[in-house]
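The values are calculated or read from the model by the stated rules, or taken from the named source; none is laboratory data. Computed from a prediction, not measured in an experiment: that's the story for all the values here. Please note: Cβ atoms are built from the backbone with ideal geometry, for glycine as well, and neighbour counts cover all protein chains shown.
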Amino acid sequence: MGEAIAFYSIAALILGFAVLVVSTRNTVHAVLFLVLNFLAVAALYVLLTAQFLAVIQVLVYAGGIVVLYLFVVMLVNLKRPPEDHSAPQRHPWLGFALSGVVLAQLAAILMFGGFGAPTDTSAAQTSDLALNNVERIGMLLYSDYLIPFEVASMLLLVAMVGAIILAKREL
Amino acid sequence: MIDTYLIPLVKILFVLNATLLGVTYMVLLARKVIAWVQVRLGPMRVGPYGVLQPIADAIKLILKEDITPTRADKWVFTAAPIIVMVPALITFAVIPFGPSVHLFGREIPLYITDINVGLLYIVSVASIGVYGIILGGWASNSKFPLLASLRASAQLISYEVAVTMTLVSLIITAGSLSMVRIVEAQYSANLWYIFVQPVAFVLFFIGGLAETNRAPFDMAEAEQELTGGFHTEYSGMRFALFFLAEYANMIVVSAVATTLFLGGWLAPFPNVEWLNFLDFIPGWIWFLLKTFVFLYVFLWVRATLPRYRYDQLMRLGWKVLIPVAIANLLVTGIVKVLL
Amino acid sequence: MFDTEELVINMGPQHPSTHGVLRVVLRLDGEKVVDSEIVIGYLHRGIEKLSENRNWTQIILLTDRMDYVAAATSNVGYCETVEKLMQLEVPRRARYIRTAICELQRIASHCLWLGTHAMDIGAMTVFLYAFRERELILDLFEEYCGARLTYNSMRIGGLPLDIPVGWDKKVLEFCNIMSEKVDEYEELLTQNRIWLERTKGIGVISGEDAVAIGLSGPPLRGSGVSKDVRKDEPYAAYDELKFEVPIGTAGDTYDRYLVRLEEFRQSVKIIRQAIEGLPEGPIVGKVPRLIKPPAGETYHAIESPKGEIGYFIVSDGKSTNPYRFRVRPPSFCNLQALPQLIKGHLVADVVALIGSIDVVLGEVDR
């Protein structure tokens, strides 16, 4: 019962902040609402006993990636005043149409994607996850999902090197 | 009912009040310690030996006119100091102050909560604190505070990387992310981790100095800098909140360092038999003493050392601390596997 | 790909670290200084013009207010210039006491320099330690002439007063204290890694450039040029005393720091010799009641803590006021090096460099 209340209020927060991200006029405000959105998602993870994921969400997303977004937005804001950011030739109906298509696709995947019920929702599994979250994730990451893990780290390395080369003045 | 709601609530209130009082008196401690290093006395007038000085400061700041720049963003301007202060306070939720005590027939552990990702929680909460600095500079609606705040936050996120790397090697040594478990690991290992991981300790301390914008890494708030820094446009209690937040961050770094490296609430050499006479000293007193030692060293370093230039500071963080932290991690991993 | 524009920033005249009312307009590319312009004159009080309406003895008061950090040195320089024009003989005792006082001023000025320079770079404790020693010197001066900052402590032909009883013992005690304290300053700063990083290689000026610009004093000696008025053209009692002049090699901020630190020690040595060997005798030579130098002009320079301070006076032989009184202030000439020094450095170094040249705006602007 308490879980349901928690879930619905967090979900409302997530959706509310997401709407605010796209609807506010001020870019910096939009980024800040994004941060709040991510924090609410982290709360959702805690509800699902995925504490590690929640903390990483805050650490990496809200505390790292969005900070960089904020840097860029603020520095760009310096050069151009906010009035320049509204484009009068935007076509809202196109946006609605495209998002409708994406929504339909997502719904199709969810209904016919064959996810089924989770394999083991017993209390033992949940409490085991709750206590040994980090260990379980670590074991999975280094056994079943090792290759995606290594590929992801290569991707990050390439991105880092690329960013340094782009931004360096003399090489 | 009582266990799940009342006791944590009481603990939270207690810790919050103690922390805020500690932060306020840090102001006095800082002025006194630095004054004594500099052959002067520090505040002496208000109260005996200046003990009531923070109260006088608080009253003065509350009565000051609250100026908000006209074109500043009101919500963000108000929120920025709060965003810097809150992460410092909520970190105390996972720090263990002592072993369990028996009160009213119950066994009450002296920590608010023991998350199994406690250390990571502390790091992630610290990364939220960066927003307060960025927003403080931006909300002032002026070019120089913005650039200064971006610089200060760049410094913070660089050193966050170094500190997190250091903490990973500590996690490997302790075998757990939970703060309580780390203290217990030091108890069973019979050694404070400062002896097991001295390099990590030094790295953590330097990183902690840089994270809290303290000397010698305080270029962002030095008065000799061209711009007044990210808190130029703040006055009165908001400005005070920025500074109290800095002291709160100092206390957090000291408390975390105490827990991780100095055994938290353990007595020195906890398992040694003949030192058992020290057991009458409760664990939280040890904790406070050790935290105090760290705070004293923070102030001592502030009074003694000149400050680094910004580029030298960043070079130190990226080119020295991170490679050493990674090397330390490597060595720790190898040792842990071999032993 | 990204266009960067240059930023023009104004530092001063009210700024915590420009050591007075100095205005530096910086043109920055990012954080590097591309060009700079120095604006002075905020402390101009017309001392040179005022002195045309004062008689020769009254001008001593005005000379105090130029380099207010080391006022007695300016007094000595002026009196010696007039004595040179009038061909007056200053008795030995007066010359020895003048030497001791000049060297005490050198220590006092360097104390202030060390304190403010270290504080600009962030080591705030050295400021209080240096001022503690400066207070001892100011106490000595207060006992001698009654003032702490603007002394009016010389007269044309000698001194107004003899030293009080026991003053020489106090000065020797001070010398003992000072030698220990200089070691303390060295311990705090000289081998400190952060200090080395902030001062080594910052603001390098070569010996030839230094001579071409007209630097003098520690900035010149830090670049390796061995020029010191006390050795080249001895005045007061310097020809009878033994001391060395420290010379630097690299011409950067660190060398200027070392030069001044060594000057502390040499000054202590000179004061000890002067006080221990203080001859008996009168303190004022044969001076006419009304000071009226013969018509003519002369230039005389002495070594103030900041550099070579020179006085050029023209007398028309008839009136009791000078016809022209011109000062060659060391800080003014040394300040000319600043744009060259800070080019290419970061903003944070500008502050360190202004401190390294050691300017007193009272002298620069007069």
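Of the residues A:M154, A:M160, which single one is within 14 Å of chain B (Cβ to nearest Cβ), farther than 30 Å from B:R181 by Cα and either at pLDDT 85 or above or surrounded by 10 or more Cβ atoms within 10 Å (Cβ to Cβ) (or both)?
None of the other options fit; the residue is A:M160.
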Criterion first (more than 20 Å from the chain's Cα centre (by Cα) and under 26 Å from C:G277 (Cα atoms)) does C:E186 satisfy it? no
Checking A:L70, A:L106, A:L75 in turn, the sole residue that is part of a helix (DSSP H, G or I), away from chain B (no Cβ under 14 Å) and modelled with pLDDT of 75 or more turns out to be A:L106
Condition (residue is of a type outside the set (S, T, Y), away from chain B (no Cβ under 14 Å), crowded, with 17+ Cβ neighbours inside 10 Å and closer than 30 Å to C:A94 by Cβ) applied to the stretch C:185-205: is it met by at least one residue? no
Those residues that are within 14 Å of another protein chain (Cβ to nearest Cβ) and either more than 17 Å from C:G115 (Cα to Cα) or of a type outside the set (F, W, Y) (or both), I need them from the stretch C:127-184; list them, please. C:L128, C:A130, C:R132, C:E133, C:R134, C:E135, C:L136, C:I177, C:K181, C:E184
Every residue from the stretch B:62-79 that is assigned to a loop (DSSP other than H, G, I, E, B) and away from chain A (no Cβ under 14 Å): B:K64, B:E65, B:D66, B:I67, B:T68, B:P69, B:T70
Of these, C:Y42, C:Y78, C:Y68, which one is surrounded by 23 or more Cβ atoms within 10 Å (Cβ to Cβ), of a type in the set (F, W, Y), closer than 16 Å to C:E363 by Cβ and away from chain B (no Cβ under 14 Å)? C:Y78
Among the numbered criteria (1) exposed (fewer than 14 other Cβ atoms within 10 Å of the Cβ); (2) away from every other protein chain (no Cβ under 14 Å); (3) at pLDDT 90 or above, which single criterion is violated by B:L289? (3)
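Just to be sure, is A:T49 of a type in the set (S, T, Y), under 30 Å from A:M139 (Cα atoms) and at pLDDT below 90?
Yes; evaluated as a whole, the condition is true for this residue.
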Among C:E31, C:E52, the single one that is touching a helix residue (DSSP H, G or I) at 6+ places or on another chain (Cβ under 9 Å) and either within 14 Å of another protein chain (Cβ to nearest Cβ) or touching a residue at least 12 places away in the same chain (Cβ under 8 Å) (or both) is C:E31
Name the single residue, out of those in the stretch C:120-146 being touching a residue at least 60 places away in the same chain (Cβ under 8 Å) and among the aliphatic types (A, V, I, L, M), that is surrounded by the most Cβ atoms within 10 Å (Cβ to Cβ). C:I121
Selection from the stretch C:48-81 of residues outside any loop (DSSP other than H, G, I, E, B) and in contact with a Gly (Cβ under 9 Å, 6 or more places away or on another chain) yields C:T63, C:G77, C:C79, C:T81
B:L241: farther than 30 Å from A:E135 by Cβ and in a helix (DSSP H, G or I), yes or no? yes
Restricting attention to the stretch B:305-315, does a residue exist that is free of Cβ contacts under 8 Å to residues at least 12 places away in the same chain and more than 9 Å from chain C (Cβ to nearest Cβ)? yes
If you go through the stretch B:70-77 one residue at a time, do you hit one that is surrounded by fewer than 23 Cβ atoms within 10 Å (Cβ to Cβ), farther than 17 Å from B:E233 by Cβ and at pLDDT below 90? no
So which of B:V27, B:V15, B:V33 is in a helix (DSSP H, G or I) and within 14 Å of chain C (Cβ to nearest Cβ)? B:V33
Check on C:I271, surrounded by 24 or more Cβ atoms within 10 Å (Cβ to Cβ), under 22 Å from C:E80 (Cβ atoms), in contact (Cβ under 8 Å) with a residue 12 or more places away in the chain and β-branched (V, I, T): yes
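How about the stretch B:100-128: which of its residues are more than 9 Å from chain A (Cβ to nearest Cβ) and in a helix (DSSP H, G or I)?
B:G118, B:L119, B:I122, listed by residue number.
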Any chance B:T24 is polar (S, T, N, Q) and at pLDDT below 85: no
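To keep it simple, each residue is scored yes or no on (1) assigned to a loop (DSSP other than H, G, I, E, B); (2) without any contact (Cβ under 8 Å) to a residue 60 or more places away in the chain; (3) surrounded by fewer than 18 Cβ atoms within 10 Å (Cβ to Cβ).
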site: C:L290; (1), (2), (3): yes, yes, yes
site: C:I309; (1), (2), (3): no, no, no
site: C:G317; (1), (2), (3): yes, yes, yes
site: C:T320; (1), (2), (3): yes, no, yes
site: C:N334; (1), (2), (3): no, no, no
site: C:A352; (1), (2), (3): no, no, no
site: C:S356; (1), (2), (3): no, no, no
Subset of the stretch C:26-46 [among the charged types (D, E, K, R) and not in a strand (DSSP E or B)]: C:E31, C:R45
Would you call B:L41 of a type outside the set (V, I, T), within 28 Å of the chain's Cα centre (by Cα) and within 14 Å of chain C (Cβ to nearest Cβ)? yes
Note: among A:G64, A:G95, just one is at pLDDT below 90, under 30 Å from B:G137 (Cβ atoms) and part of a helix (DSSP H, G or I), namely A:G64
In the stretch B:195-215, anything modelled with pLDDT under 85 and either surrounded by 23 or more Cβ atoms within 10 Å (Cβ to Cβ) or in contact with a Leu (Cβ under 7 Å, 6 or more places away or on another chain) (or both) is listed as B:A215
Residue among B:T173, B:T164 that alone is of a type outside the set (D, E, K, R) and more than 25 Å from B:D218 (Cα to Cα): B:T173
Looking at the stretch C:229-261, which of the residues that are surrounded by fewer than 19 Cβ atoms within 10 Å (Cβ to Cβ) and among the charged types (D, E, K, R) is nearest to C:A108 (Cα to Cα)? C:E244
Output the residues belonging to the stretch B:133-159 that are assigned to a helix (DSSP H, G or I), over 16 Å from C:G30 (Cα atoms) and within 11 Å of chain A (Cβ to nearest Cβ). B:I133, B:I134, B:L135, B:G137, B:W138, B:A139, B:S153, B:L156, B:I157
Any chance the stretch B:203-220 includes a residue that's assigned to a loop (DSSP other than H, G, I, E, B) and either polar (S, T, N, Q) or farther than 30 Å from C:R23 by Cα (or both)? yes
